[in-house]
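Here is the structure we will look at.
The values are calculated or read from the model by the stated rules, or taken from the named source; none is laboratory data. It should be emphasised that the depicted structure is a prediction, and the values quoted were computed from it without experimental measurement. Cβ coordinates were reconstructed from backbone atoms using ideal geometry, including for glycine residues, and neighbour counts include every protein chain displayed. Note: accessible area is taken over every heavy atom of the protein model, side chains too, but ligands, DNA and RNA are not part of it. Shrake-Rupley method; radii C 1.70, N 1.55, O 1.52, S 1.80 Å.
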Amino acid sequence: FTNAGMNQFKDVFLCTGSRDYTRAANSQKCIRAGGKHNDLEDVGTDTYHHTFFEMLGNWSFGDYFKAEAIEWAWELLTQRWGIDPSRLHATYFQGDEHEGLAPDDEARNFWRRFLPDERIHKGNKKDNFWEMGDTGPCGPCSEIHYDGTPDKNGDAFINKDNPNVIEIWNLVFMQYNRDSGGKLSALPAKHVDTGMGLERITRILQGKQSNYDTDLFTQILNAIGILCNQQYTGTMEKKDIAFRVIADHLRTLVFAITDGCTPSNDGR
């Protein structure tokens, strides 16, 4: 299982392999229950992390780059899906002096075509520089966040683990390769790798306050309630946290088993 949608395209980014296409769109099954990108401990205690999720992505392999990725993301969210533009924020990489990386002013300026400056936020290396692991293809990224606060005043909650202000899409601009010594070098070509969680965007489009309130989870939660003679009420109480954990893990196991994974009580 992958922990990120880009894993299967690593050879293309490094120019050690190729495909017979330069653009793609996909839905990638991801499991994050260990390793660098590990969401296991957040499951249940919040409403928007999962051990299994479907990563929706669009890709450019040396074809389009930042301008098109940002324009098309905005078009899909606001024009095709009708999401309120006034609830959207974007982030860009603020640079890193230690790495010798300048701020991604290019991405910031592209966002200015659609958003006012007060809803374009700079972000540090942790939040706005995407790396799958300690080595390999990487680059600055631009996240799109949805402000679900009643007064649309969620500016201060960007990347602050607030359940009402969540990241829904990450536009990654693959420009570098990190070697085993930690050094960054430019990739032979520039690429785009975007990732949008199906569960989160479903929540937004269905007007819910929690991923678990969408039709991806409600039938599972109802079945758990029947078996336990309890009712899920969506609170942060221990009972409802347990409901969410069980629902999340059941969904993860079902997808794992259908992909040929045999559960065991020995090892991972």
Check: Which of (1) at pLDDT 95 or above; (2) assigned to a strand (DSSP E or B); (3) crowded, with 21+ Cβ neighbours inside 10 Å does A107 not meet, given it meets every other one?
Finding: (2)
Note to self: Among the residues of the range 165-179, are any surrounded by fewer than 16 Cβ atoms within 10 Å (Cβ to Cβ) and either polar (S, T, N, Q) or touching a helix residue (DSSP H, G or I) at 6+ places or on another chain (Cβ under 6 Å) (or both)?
What the structure shows: no
Margin query: For the range 4-24: of the residues being in contact with a Pro (Cβ under 8 Å, 6 or more places away or on another chain) and either surrounded by 20 or more Cβ atoms within 10 Å (Cβ to Cβ) or closer than 22 Å to N164 by Cα (or both), which is modelled with the highest pLDDT?
Written below: F13
Notebook entry, point to check: Does the range 154-169 hold any residues that are touching a strand residue (DSSP E or B) at 6+ places or on another chain (Cβ under 8 Å) and in a loop (DSSP other than H, G, I, E, B), and which are they?
Noted result: G154, I158, N159, N164
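Quick check on the range 209-233: of everything there that is modelled with pLDDT of 95 or more and under 16 Å from H49 (Cβ atoms), which residue is surrounded by the most Cβ atoms within 10 Å (Cβ to Cβ)?
Within the range 209-233, the match that is surrounded by the most Cβ atoms within 10 Å (Cβ to Cβ) is N211.
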Next item on the list: Inspect the range 149-159 for any residue being farther than 17 Å from F52 by Cβ, of a type in the set (S, T, Y) and open to solvent by 40 Å² or more (accessible area, probe 1.4 Å) and give the result as yes or no.
Entry: no
Next item on the list: With the checklist (1) part of a strand (DSSP E or B); (2) buried (at least 18 other Cβ atoms within 10 Å of the Cβ) in hand, flag the one item I83 doesn't pass.
Entry: (1)
Note to self: I'd like the full set of residues that are in contact with a helix residue (DSSP H, G or I) (Cβ under 9 Å, 6 or more places away or on another chain), open to solvent by 30 Å² or more (accessible area, probe 1.4 Å) and under 13 Å from I241 (Cα atoms), limited to the range 25-48.
What the structure shows: T45
Next item on the list: Could you please tell me which pairs satisfy a Cβ distance under 9 Å, a separation of 6+ or placement on different chains, a first residue in the range 149-174 that is on the phi > 0 side of the Ramachandran plot, and a second residue that is of a type in the set (A, V, I, L, M, F, W, C) and open to solvent by less than 80 Å² (accessible area, probe 1.4 Å)?
Entry: N159/V165
Next item on the list: Report the residue count in the range 25-47 for those that are more than 18 Å from D193 (Cβ to Cβ) and out of contact with any Pro (no Cβ under 7 Å at 6 or more places or on another chain).
Entry: 12
Next item on the list: Could you tell me which numbered condition E54 fails, if it satisfies all but one of (1) open to solvent by 50 Å² or more (accessible area, probe 1.4 Å); (2) at pLDDT below 95?
Entry: (1)
Notebook entry, point to check: So N128 fits all but one of (1) surrounded by 14 or more Cβ atoms within 10 Å (Cβ to Cβ); (2) farther than 23 Å from S27 by Cα; (3) of a type in the set (S, T, N, Q); (4) at pLDDT 95 or above; what number is the exception?
Noted result: (2)
Check: Hey, any hits in the range 40-57 for a residue that's under 26 Å from N153 (Cα atoms) and either in a strand (DSSP E or B) or aromatic (F, W, Y) (or both)?
Finding: yes
Next item on the list: Would you mind telling me which numbered condition in (1) part of a helix (DSSP H, G or I); (2) in contact (Cβ under 8 Å) with a residue 24 or more places away in the chain L76 fails?
Entry: (2)
